[in-house]
1. Ignoring everything except DSSP H segments at least 4 long, calculate the 222 nm mean residue ellipticity for the chain; use -39,500 (n - 2.57) per segment, divide by total residues, nearest 500.
2. May I ask for the angle, rounded to the nearest 10°, between helix 20-32 and the longest principal axis of the chain, with both axes built from Cα atoms and the value confined to 0 to 90°?
3. Summing Lys, Arg as +1 and Asp, Glu as -1, what charge do residues with Cβ under 13 Å from the Cβ of ASN102 carry, ASN102 excluded?
4. Using only the Cα atoms of the chain, construct the convex hull and provide its projected area averaged over every direction, in square nanometres to one decimal.
5. Enter the accessible area of LEU358 (Å², nearest 10), with the probe set to 1.4 Å and all protein chains included.
6. Where does helix 171-186 land angle-wise versus the long Cα axis of the chain, in degrees 0 to 90, nearest 10?
7. Could you work out what % of the accessible surface of the chain is carbon and sulfur, using a 1.4 angstrom probe and leaving DNA, RNA and ligands out of the count?
8. Under the rule a/c < 1.5 gives rounded, and otherwise a/b versus b/c splits prolate from oblate, where does region 123-171 land using the Cα gyration tensor?
Amino acid sequence: MSSCLSGKHIVLGISGGIAAYKSVYLLRLLVKAGAEVQVVITPNGKEFITPVTLSSLSGNPVISEFFTANTGEWHSHVDIGQWADLMVIAPATASTIAKMANGVADNMLITTYLSAKEHVMVAPAMDLDMWAHPATQRNIATLRADGVDIIEPGSGELASHLCGKGRMEEPEKIVEAIEEYFRSEEAPLPLAGKKVMITAGPTYEAIDPVRFIGNHSSGKMGFALARECRRLGADTVVVAGPVNKSLTPEGVRRVDVVTAREMLAACEAEFEDTDICIFAAAVADYAPAECAERKIKRENVEEMDLRLVRNPDIAATLGKRKGERTMIGFALESDHGQENACRKLKAKNFDWIVLNSLSDEGACFNTDTNKVTVFGADSSSVSFPLESKDKVAKDIMNVIVAGLL
């Protein structure tokens, strides 16, 4: 076990789910690695694992209530937050995640989270339908935007005996994520002093005041890259089409636009002092030649001929002014993927291009996962399996940073 955890103060939060049994193994691994661990458990969590077991392993009293009933001793969530170097909540149930996202401070674990000055990591655990529910995904997006690291749940047989995504990640993997965090904190940040500009989401091109041409891009990949670039120390700005505000990570500046021409103007305004440009937006290739001033009434129009004109190519326009900047593009293809991606790589003066395919299930618009291949201008390429977009962002930036060193 790596010694980077030696002497670290870690708050281990445990909420009420069957996966709480894994927290015992996680606690044991953390203590074995030299960390000092303070367990904070919800009242429901004690229904699954006893404080006696946790206290024996940690060597510290387990905290669950705001005060000890028989002595009146107050447990200060503020003091815990100031003591800790890291807070890890594993398992985090759907209820706990919802309370964290919305600031519902009705137990000691949530008040400790809300007082935390340290970094927070969360390992969700729940049934597959609860994990996939839009409410849970909104709450997860909110936590990510607040700077919380989400350790994605795995897939397999769940407590309901159904199979799917929702299993809390294995303790060994969680410890690896914790170690990676501390190592990254101790190492010089590779993008410190750099400015990164990222485009994200779709553009909407108006037909009339209520209708538009657009696409299904959610912006999730672009904002996952922004989160990773910020973690690597970069001054990060996202020029975003019309996508969910909650996607914006803490510490990332956002410039909102709607049309392709607005996105180009915003990119040009940011471009001068930018070191790295990542073009992840799904910009509409065409726009209506004219936009009606009033809503077009279907009762008055039997057939509509819509004349489209080509939008400016943002990446190609800025590629002509590249200079010493590093530029990364994206290519979403349905066929001849490598051929088309490599052609764009050269035509737009990119240093790298990231290819994903419409034929790969789970790797397109409005998903939380992606499957990519990164091609370099030096003819190198590296492929990654289907992973969460946060993990894909780390993979992509690992390639970029390695090429910059």
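1. On the way: 13 runs with 135 residues, N = 405.
So the helix-based figure for the chain works out to -10000 deg cm²/dmol.
2. On a 0 to 90 degree scale, this one is about 80.
3. Working: positive: LYS99, ARG138; negative: ASP106, ASP146.
After counting each charged neighbour, the total is 0.
4. Working: hull surface 94.6 nm².
For the chain, the mean projected area of the Cα convex hull comes to 23.6 nm².
5. 90 Å²
6. 70 degrees
7. Working: 9700 of 19470 Å².
About 50 percent, which is the carbon plus sulfur part of the accessible surface.
8. Details: a/c = 3.53, a/b = 1.57, b/c = 2.26.
Oblate is the answer for region 123-171, as a/c is 1.5 or above yet b/c matches or exceeds a/b.
The values are calculated or read from the model by the stated rules, or taken from the named source; none is laboratory data. Source: prediction; values computed, not measured. Please note: Cβ atoms are built from the backbone with ideal geometry, for glycine as well, and neighbour counts cover all protein chains shown. What goes into the accessible areas is simple: the full protein's heavy atoms, side chains included, and nothing from ligands, DNA or RNA. Shrake-Rupley method; radii C 1.70, N 1.55, O 1.52, S 1.80 Å.
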